[in-house]
Amino acid sequence: MKKRAEKRRIVLVPLPLQGHITPMMQLGQALNLKGFSSHNFPDFEFVTIPESLPVSEIEAFGPVEFLIKLNETSEANFKNCIAQLLLQQGNDIACIIYDDLMYFSEAAAKEFKLPSIIFSTTSVTHKVCCCVLSKLNASKFLIDMEDHELQNKVVENLYPLSYKDLPTSGFGPLELYLELCKEVVNKRTASAVIINTTSCLESSSLSWLQQEFKIPVYPLGPLHITASVPSSLLEEDRSCIEWLNKQKPRSVIYISFGSLALMETKEVVEMAWGLYDSNQPFLWVIRSGSESLPEEISKMVSEKGYIVKWAPQQEVLEHRAVGGFWSHCGWNSTLESIVEGVPMICRPFNGEQKLNAMYIESVWRIGIQLKGEEERGGVKRAVKRLIVEEEGACMRERAHGLREKIKASVRCGGASYNALDELVKFLNTE
Ligand code: UDP
């Protein structure tokens, strides 16, 4: 094959949410470093797919219905975008890589005879669960889940995953969600799947998916180690790093529930009291638009903690003062915490986050999950267990062990490093 002097372009189609944009940009950066151009500043070019759903309609939809409609209505506009790109800049598109939730993208790839690759920004175990769910019948599953034995049945040789762990909660009506799962796991004409994970974290799920998909699967993560690219949609408040600089090593609990999750006032108040009573310093992200703390509690909390609207999370987790991460267990946050060897308190909100929390607590054993309703006594206890007690020290040790394995996997010759290399070879032959 002749080596091209010019970089070939790759079209990346992210789902426009923080947790999906960040890994997609990191993937773009990783490929850019390997000789592809992906439409880093200045090597990225951003193209907007024209809006296909009126804002008034969007507000009436739940998240799953919205995603299904978005896919139904974006196909034609995306085809036009690709046609324009091909017309303006020549036929140099090596591949269209799309977020598995943006499955409408495949139709354009097919029409213009371009290779396409699916990118999954969640864990591979989550992807496996979607495959399992896509084959279920909603009403039968709901009846089955009333049976204790069936609830605890292991899913397709994937111990410790049982049917009750399948991530269905928080996504609205089951039937609609299963419909979305079918679309997401439908590989259509895609020639490969990229997953932001690494084999030392989820080897049995990876083998399962490889067998199921029968097209190459590239577990080349965690991408945030391989590539660093500014991708925050909100302004990061860096003053918290100065505050962290004044704290003792491993004393601080960092609290953030990602870019979407919302807590009720009652829970926020109980958390504030529990954190205050724990006597440990804490850094707490409370996004604007989410439930704010009542004034008097906010004053009290600022004696022992620091509150920001949005933090430079990776830098926070890297900081020597941070001893634990209280997280909603989004996949990016989970990977970022493991890579810094920081143990976690898990407060998942939806099914996918619950799945990650289960792996954090029961498989990797690097965190604890709060059971039942969150009240101040439970909050204080969890912080003490993680930051002060022996139990937390053991979790930290295991997290450090995982960190070393993960770092080895992204170094030259490691599993994720090789997966990225293989992907590049694959793209060059397509
Ligand atoms: N994040 C951040 N600052 C914050 C909170 C979150 O930069 O104050 C980043 C975090 O590092 C992660 C992303 O936002 O990369 C959240 O993604 P995740 O998958 O954990 O959760 P989601 O927001 O999708 O629920």
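Is it true that Q353 is in contact with an Asp or Glu (Cβ under 8 Å, 6 or more places away or on another chain) and either modelled with pLDDT under 95 or open to solvent by 20 Å² or more (accessible area, probe 1.4 Å) (or both)?
Judged against the criteria, Q353 is not a match.
Which residue out of I366, I406 is out of contact with any strand residue (DSSP E or B) (no Cβ under 9 Å at 6 or more places or on another chain), buried (at least 19 other Cβ atoms within 10 Å of the Cβ) and hydrophobic (A, V, I, L, M, F, W, C)?
That would be I406, the only listed residue that is out of contact with any strand residue (DSSP E or B) (no Cβ under 9 Å at 6 or more places or on another chain), buried (at least 19 other Cβ atoms within 10 Å of the Cβ) and hydrophobic (A, V, I, L, M, F, W, C).
Would it be correct to say that L114 is hydrophobic (A, V, I, L, M, F, W, C) and either in a helix (DSSP H, G or I) or in contact with a Lys or Arg (Cβ under 9 Å, 6 or more places away or on another chain) (or both)?
No; evaluated as a whole, the condition is false for this residue.
With L178, L158, L166, L206 as the choices, which residue is more than 16 Å from the ligand (Cβ to nearest atom), hydrophobic (A, V, I, L, M, F, W, C) and modelled with pLDDT under 95?
Answer to the check: L158.
So for the range 296-306 (the condition being within 16 Å of the ligand (Cβ to nearest atom), open to solvent by 10 Å² or more (accessible area, probe 1.4 Å), touching a strand residue (DSSP E or B) at 6+ places or on another chain (Cβ under 8 Å) and closer than 30 Å to V128 by Cβ), does at least one residue qualify? Before the answer, list the steps.
Initially, the range 296-306 is screened for residues within 16 Å of the ligand (Cβ to nearest atom), giving 305-306.
So of that shortlist, the ones also open to solvent by 10 Å² or more (accessible area, probe 1.4 Å) come out as 306.
Cutting the leftovers down to touching a strand residue (DSSP E or B) at 6+ places or on another chain (Cβ under 8 Å) gives us 306.
Pick out the ones that are also closer than 30 Å to V128 by Cβ and you get none.
No; the residues of the range 296-306 include none that is within 16 Å of the ligand (Cβ to nearest atom), open to solvent by 10 Å² or more (accessible area, probe 1.4 Å), touching a strand residue (DSSP E or B) at 6+ places or on another chain (Cβ under 8 Å) and closer than 30 Å to V128 by Cβ.
Can you pull out the residues in the range 82-138 that are touching a His at 6+ places or on another chain (Cβ under 9 Å) and of a type in the set (D, E, K, R)?
D99
For residues that are under 12 Å from Y276 (Cα atoms) and surrounded by fewer than 19 Cβ atoms within 10 Å (Cβ to Cβ), scanning just the range 369-379, find the one that is nearest to the chain's Cα centre (by Cα).
Selected residue: R376.
With at pLDDT 95 or above and either more than 24 Å from G351 (Cα to Cα) or aliphatic (A, V, I, L, M) (or both) as the only criterion, which of I118, I143 stands out?
Working: I143 fails: at pLDDT 95 or above.
Within the list I118, I143, the selection yields I118.
Only one residue in L53, L86, L67 is open to solvent by less than 60 Å² (accessible area, probe 1.4 Å) and assigned to a loop (DSSP other than H, G, I, E, B). Which one?
Checking each option against the conditions leaves just L53.
Here is a list of conditions, (1) at pLDDT below 95; (2) open to solvent by 20 Å² or more (accessible area, probe 1.4 Å), and F112 meets all of them except one; can you say which number that is?
It is condition (1) that F112 fails.
Looking at Q280 and the list (1) open to solvent by 30 Å² or more (accessible area, probe 1.4 Å); (2) assigned to a loop (DSSP other than H, G, I, E, B); (3) more than 16 Å from the ligand (Cβ to nearest atom), which single condition is not satisfied?
Evaluating Q280 over (1) open to solvent by 30 Å² or more (accessible area, probe 1.4 Å); (2) assigned to a loop (DSSP other than H, G, I, E, B); (3) more than 16 Å from the ligand (Cβ to nearest atom) leaves (1) as the failure.
Given S232, S288, S292, which one is within 12 Å of the ligand (Cβ to nearest atom), open to solvent by 70 Å² or more (accessible area, probe 1.4 Å) and among the small types (G, A, S)?
Numbers: S232 fails: open to solvent by 70 Å² or more (accessible area, probe 1.4 Å); S292 fails: within 12 Å of the ligand (Cβ to nearest atom).
Exactly one residue qualifies, and that residue is S288.
Mind counting the residues in the range 237-277 that are buried (at least 18 other Cβ atoms within 10 Å of the Cβ), part of a loop (DSSP other than H, G, I, E, B) and near the ligand (Cβ under 10 Å from one of its atoms)?
Residues in the range 237-277 being buried (at least 18 other Cβ atoms within 10 Å of the Cβ), part of a loop (DSSP other than H, G, I, E, B) and near the ligand (Cβ under 10 Å from one of its atoms): 4 in total.
Assess whether R385 counts as being part of a helix (DSSP H, G or I), away from the ligand (no atom under 16 Å from the Cβ), within 16 Å of Y254 (Cα to Cα) and open to solvent by 20 Å² or more (accessible area, probe 1.4 Å).
Details: part of a helix (DSSP H, G or I): yes; away from the ligand (no atom under 16 Å from the Cβ): yes; within 16 Å of Y254 (Cα to Cα): yes; open to solvent by 20 Å² or more (accessible area, probe 1.4 Å): yes.
Against the criterion (part of a helix (DSSP H, G or I), away from the ligand (no atom under 16 Å from the Cβ), within 16 Å of Y254 (Cα to Cα) and open to solvent by 20 Å² or more (accessible area, probe 1.4 Å)), R385 qualifies.
What is the one condition in (1) of a type outside the set (A, V, I, L, M, F, W, C); (2) within 25 Å of the chain's Cα centre (by Cα); (3) modelled with pLDDT under 90 that Q26 does not satisfy?
(3)
Could you grab me the full set of residues in the range 410-430 that are within 13 Å of I194 (Cβ to Cβ) and among the hydrophobic types (A, V, I, L, M, F, W, C)?
Hits for the range 410-430 are A419, L420, L423, V424, F426, L427.
The values are calculated or read from the model by the stated rules, or taken from the named source; none is laboratory data. Just so it is clear, the model here is predicted, and its values are computed rather than measured. Here the Cβ is made from the backbone with ideal geometry for all residues, glycine too, and neighbour counts use every protein chain on show. Heads up: the accessible areas ignore ligands, DNA and RNA and are worked out on the full protein's heavy atoms, side chains in. Shrake-Rupley method; radii C 1.70, N 1.55, O 1.52, S 1.80 Å.
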